[in-house]
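As structure tokens, the structure follows; a few thoughts come after it.
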Amino acid sequence: MKDLKQLIRPNIQALPPFAETIKALSTPAAQVKLDANESSHNAPHNRYPDATQTALRNAVAQITGLRPECVCMTAGTEEAVDLVYRVFCTPGKDNVVSISPTRSLYKARADINDVEFRSIKLEEKFHLKAEKLLSACNQHTKAILLCSPNNPTGNLLEGKEVECLLENFDGMVVIDESFADFSDSPSVRALLPRHHNLIVLNSFSHAQACAGSRVGFLLAIPPVTEYFHRTRTPHNLSREAQAQALDIIGRRYDVDKWIKHLREEKRRVMAAFLQLACCKEVFPSESNFFLARFNDAPAVHRYLKSKGIAVADCSTLPLCENCLRITIGLPNENSQLLGALRQF
């Protein structure tokens, strides 16, 4: 790994330390608070949320087994990805490398930040080859972005290939684990003590069922998270979003129950798809969705839409010709989907 000063944009390095920003924003001992142009009416919504997000970062640290200094809270993984580009990539000069197919978010935020996005097609059955990604890197490649389990394919990326990237790439390796809570495989965050160029993203949107709150987080060694804290907006998570995230962390039994039920439903639905005349193949999945190949996916997509059933058409993506991505819903929703497809 290169020295951080070689990776982080000079203007980001020049920003004041996060502690100085928080000190300027925080007046916890004040009995009469008249310094932030807040209204004195409509408490508690009249006050800005905690910019340090201390309680939430402590709670995330506890469930991830890391120190709070390793945690940076974000407004979903969208903000986390955007921060990666803003912290490391000089617009019009640097590039990032990723895979295809994967989340469209990565290229969209690269385009917005004027960062070249280099996409390397996965192998057959969506396998990852580290050497192909490394061969696409040059002196201006600041980050490699991967999603595992990948979206829309649902598969975990091979651990030995990920470690190969961590060992041989001198920039940052970003692993988006937004869907990892649905898998029994251990999180790559366990590699953080050995690989300081690792950044792990996660989200409260999926397993925790809090998509409406827009809460995510990234994990990295403290020198790296410091620059993310410097760069993010101080009040990127509302009071309500922080409270919702803390509440769901305390409801681990409920989340585990939801995950268990979803896995059971996924097995049922995937088995039923294999019996459909219009379905050619169902791909293994470690997520809350799966990918299925049809004889004519666009026609199936149009048909389901006419029935009021929404699924994702992935037919235009590399390796996903005639494929639909199916998110697992409640049992009655899944049964409605299967009933419609049996009549197609």
- Query: What does the charge add up to near E265, with Lys and Arg as +1, Asp and Glu as -1, over the other residues with Cβ less than 14 Å from its Cβ?
  - Reply: +4
- Quick one: if you take sqrt(5λ) for each eigenvalue of the C-alpha gyration tensor of segment 1-62, what semi-axes come out, biggest first, whole angstrom? 32, 17, 10
- Message: Going by average Cβ density within 10 Å per residue, which order do the peptides 158-168, 216-226, 250-260 take, highest to lowest?
- Response: 216-226, 158-168, 250-260
- Task: Can you quote the Å³ per residue value for the convex hull of the Cα atoms in segment 253-342, rounded to an integer?
- Result: 90 Å³
- Value of [θ]222 nm, deg cm²/dmol, for the chain, DSSP H segments ≥ 4, -39500 (n - 2.57) each, nearest 500: -11000 deg cm²/dmol
- Task: For the chain, return all DSSP H helices satisfying: extent of Cα atoms along own axis at least 27 Å; mean Kyte-Doolittle hydropathy at least 1.6.
- Result: none
- Query: What is the percent of Cα-Cα separations in segment 169-233 that go past 14 Å?
  - Reply: 62 percent
- segment 111-233, convex hull of Cα, quarter of hull surface, nm² -> 8.6 nm²
- Item | Separation between Cα centres of segment 114-158 and segment 6-68, rounded to whole Å | 34 Å
- Can you pull a Stokes-Einstein diffusion coefficient for segment 4-250 at 37 °C (0.692 mPa s), Rh from Kirkwood over Cα pairs, as a whole number of µm²/s? 174 µm²/s
- Could you give the distance between the Cα centres of segment 175-190 and segment 262-325, to the whole Å? 23 Å
- Query: So in the chain, what percent of DSSP beta bridges are antiparallel if you round to the nearest 5?
  - Reply: 50 percent
- Item | Loop-located GluC sites (Glu not before Pro) in segment 240-340, at most 14 other Cβ atoms within 10 Å (DSSP) | E321
- Message: Taking every pair of distinct Cα atoms and averaging 1/r, then inverting, what Kirkwood hydrodynamic radius in Å comes out for segment 42-115?
- Response: 14.8 Å
- Query: Of the residues T21, T52, T90, which exhibits the maximal mean-square fluctuation in a Gaussian network model of the chain defined by a 10 Å Cα contact cut-off?
  - Reply: T21
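None of the figures in this text is laboratory data; all of them are computed from the coordinates on show. Note that the structure is predicted; figures quoted are calculated from it, not measured. Every residue, glycine as well, gets a Cβ built from its backbone with ideal geometry; the counts of neighbours run over all protein chains shown.
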